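Right, one structure below, let's go through it.
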Amino acid sequence: MRLLHRCLSASLLYLPACAPTLDFTLPDLDGNQVTPLRNGNVVVVAFWATWCGPCQRELKEMNEMYLRLHPRGLELYAISVDGPETADEVERWTMENHYAFPVLVDPDKRLFSRFSYGTAIPYLIIFDGNGEVIEERVGYHRDGVSSLELFLDDQLPPPSRRSAVSAPTGR
């Protein structure tokens with residue numbers, strides 16, 4: 001009952017109704033329905049748009065971070081909130097930047113509205129291996145991705161010899 005009251009109170013304050021969860025499915029750029037992996041890995045969900053300059057800078061930096069940390073168990077899902085007027089740019093932007101992580105689309109911003117406290121992007125949510133929110137970050141900061149990498153480094157298992165050799169491939 002206390003959780004229900006807190007969730008209802010939060011929704012009256014224009015906050016997400018309850019804490020974000022990894023229980024969602026969105027289409028990728030090929031139209032395939034993707035549900036985030038729930039395999040005990042740390043998961044970063046990054047909301048962005050092609051028209052958002054700070055988002056573009058952050059995603060480029062996060063791609064490099066992802067390549068370093070994915071072998072240790074990091075999962076990252078970049079979710080575009082581009083509307084109909086810029087939706088065609090998402091695939092072009094993704095291909096030009098060679099993102100190694102999955103790019104999903106949320107054109108009607110339903111998931112973004114469910115997760116966020118407002119309208120600001122970039123917006124990141126970090127989930128631990130149990131699917132619990134451990135960090136949220138709003139906006140772009142010059143040292144944001146480097147501080148994020150330090151934070152994630154503490155959340156992930158130590159590097160192994162194998163992870164130093166393997167690197168993910170993707171879009």
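The values are calculated or read from the model by the stated rules, or taken from the named source; none is laboratory data. Everything numeric here is computed off the predicted structure, so don't read it as measured data. Note: ideal-geometry Cβ built from the backbone for every residue, glycine included; neighbour counts use all protein chains shown.
General observations
- Counted residues, segment 50-68 - those being of a type in the set (A, V, I, L, M) and more than 14 Å from LEU124 (Cβ to Cβ): 1
Residues checked against (1) aromatic (Phe, Trp, Tyr); (2) surrounded by fewer than 20 Cβ atoms within 10 Å (Cβ to Cβ); (3) at pLDDT below 90:
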| position | (1), (2), (3) |
| --- | --- |
| PRO54 | no, yes, no |
| SER80 | no, no, no |
| PRO84 | no, yes, yes |
| MET95 | no, yes, no |
| HIS98 | no, yes, no |
| GLY118 | no, yes, yes |
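- Residues of segment 39-75 that turn out to be outside any helix (DSSP H, G or I) and more than 17 Å from VAL138 (Cβ to Cβ), as a count: 10
- Subset of segment 149-160 [touching a strand residue (DSSP E or B) at 6+ places or on another chain (Cβ under 7 Å) and outside any loop (DSSP other than H, G, I, E, B)]: PHE151, LEU152, GLN155
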